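Visitor: One structure, as structure tokens, below. Some questions next.
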Amino acid sequence: MNKIKITFIKRNWLKFLISGVAIALVISSLYFVNMGIVNVEWNAQSSIEGFQINNATGEIKQTLYIYIDESSMYAGQIRSFLLQELDSAQTKVKQMMVLNDTSSIKDTSFLGIHITENLNQYYPWSAENKYTVFYYYSDTGNTNYYNAFRTAISMYDHPPVVLNASNGPQLLRIGDITIEGAFNGFFSKPHMDKMSIDYLCQEIIKQVNQI
């Protein structure tokens, strides 16, 4: 009996090897290749707090400076996406520049973004994720309160905001967006991540266009 098994393996070892490699390639592709067919249900909820003085309109200046700190989820991908999309005719933004820190920029518009991942459960046929998007907009480049708001436990747990009336019209708008996605089909994790990034950016753009 053992001789029969050994003979069978010797005759079919190449088939076993090819099958094993094929299975390994399929599994690895689920984590490295952007592919799949998927249906997604998105749910987004937002809360906004605003501070305004001297009848400020919040109008975006000629150039919008954007800051995405490196600890933010998908920082590089979202930065690239926004550079392409916010600089298009579909938004109010005429020109966009990227900042590497939150130093105040006088008399220009500033948008700070931070994204945290609260849930990421992936299977090739079903997945769920949840993100919190924090954004901070100042029409005058005031970044003094960015970190205080970003690290606050809640939207309303932060130091008092003081705007100097002698500096003219000023507006701060701070918001949290909670985004949840439910995926069904057959898809790779990069495909799920790409769809999530696209949706996150569209929600950010939507908020920018409402300023």
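Visitor: In segment 158-211, what residues are β-branched (V, I, T) and farther than 14 Å from M73 by Cβ? Can you show your working first?
Guide: Here is the first cut: in segment 158-211, the ones β-branched (V, I, T) are 161-162, 174, 177-179, 197, 204-205, 208, 211.
Matches in segment 158-211: V161, V162, I174, I205, V208, I211.
Visitor: From the list Q45, Q62, which residue is of a type outside the set (K, R), modelled with pLDDT of 80 or more and either loosely packed, with under 14 Cβ neighbours inside 10 Å or outside the structural domain of D139 (by TED's automatic domain parsing) (or both)? First the steps, then the outcome.
Guide: Numbers: Q62 fails: modelled with pLDDT of 80 or more.
From the options Q45, Q62, the qualifying one is Q45.
Visitor: Hey, among the residues in segment 82-131 that are assigned to a strand (DSSP E or B) and modelled with pLDDT under 80, which one's surrounded by the most Cβ atoms within 10 Å (Cβ to Cβ)?
Guide: M96
Visitor: Answer yes if at least one residue in segment 198-206 is assigned by TED's automatic domain parsing to the domain that holds I78, touching a helix residue (DSSP H, G or I) at 6+ places or on another chain (Cβ under 6 Å) and farther than 17 Å from A44 by Cβ, and no otherwise.
Guide: no
Visitor: Then there is this: Might you check whether a residue that is more than 17 Å from the chain's Cα centre (by Cα), at pLDDT 85 or above and surrounded by 14 or more Cβ atoms within 10 Å (Cβ to Cβ) occurs anywhere in segment 156-167?
Guide: No; the residues of segment 156-167 include none that is more than 17 Å from the chain's Cα centre (by Cα), at pLDDT 85 or above and surrounded by 14 or more Cβ atoms within 10 Å (Cβ to Cβ).
Visitor: Scan segment 168-186 for residues that are more than 30 Å from E41 (Cβ to Cβ) and either assigned to a strand (DSSP E or B) or within 23 Å of the chain's Cα centre (by Cα) (or both) and jot them down.
Guide: From segment 168-186, those more than 30 Å from E41 (Cβ to Cβ) are 168-172; that's our starting set.
Across segment 168-186, the qualifying residues are Q170, L171, L172.
Visitor: Which of the residues spanning segment 171-195 are out of contact with any Lys or Arg (no Cβ under 8 Å at 6 or more places or on another chain) and under 17 Å from Y135 (Cα atoms)? Before the answer, list the steps.
Guide: So the first thing to find is which residues in segment 171-195 are out of contact with any Lys or Arg (no Cβ under 8 Å at 6 or more places or on another chain), and the list is 171-177, 182-195.
Matches in segment 171-195: L171, L172, R173, I174, G175, D176, I177.
Visitor: Okay, moving on. Under the condition of being surrounded by fewer than 16 Cβ atoms within 10 Å (Cβ to Cβ) and without any contact (Cβ under 8 Å) to a residue 24 or more places away in the chain, which residue from segment 132-154 is nearest to A56 (Cα to Cα)?
Guide: A148
The values are calculated or read from the model by the stated rules, or taken from the named source; none is laboratory data. None of these values were measured; they are calculated from a predicted model. Every residue, glycine among them, receives a Cβ derived from its backbone with ideal geometry; neighbour counts consider all protein chains shown.
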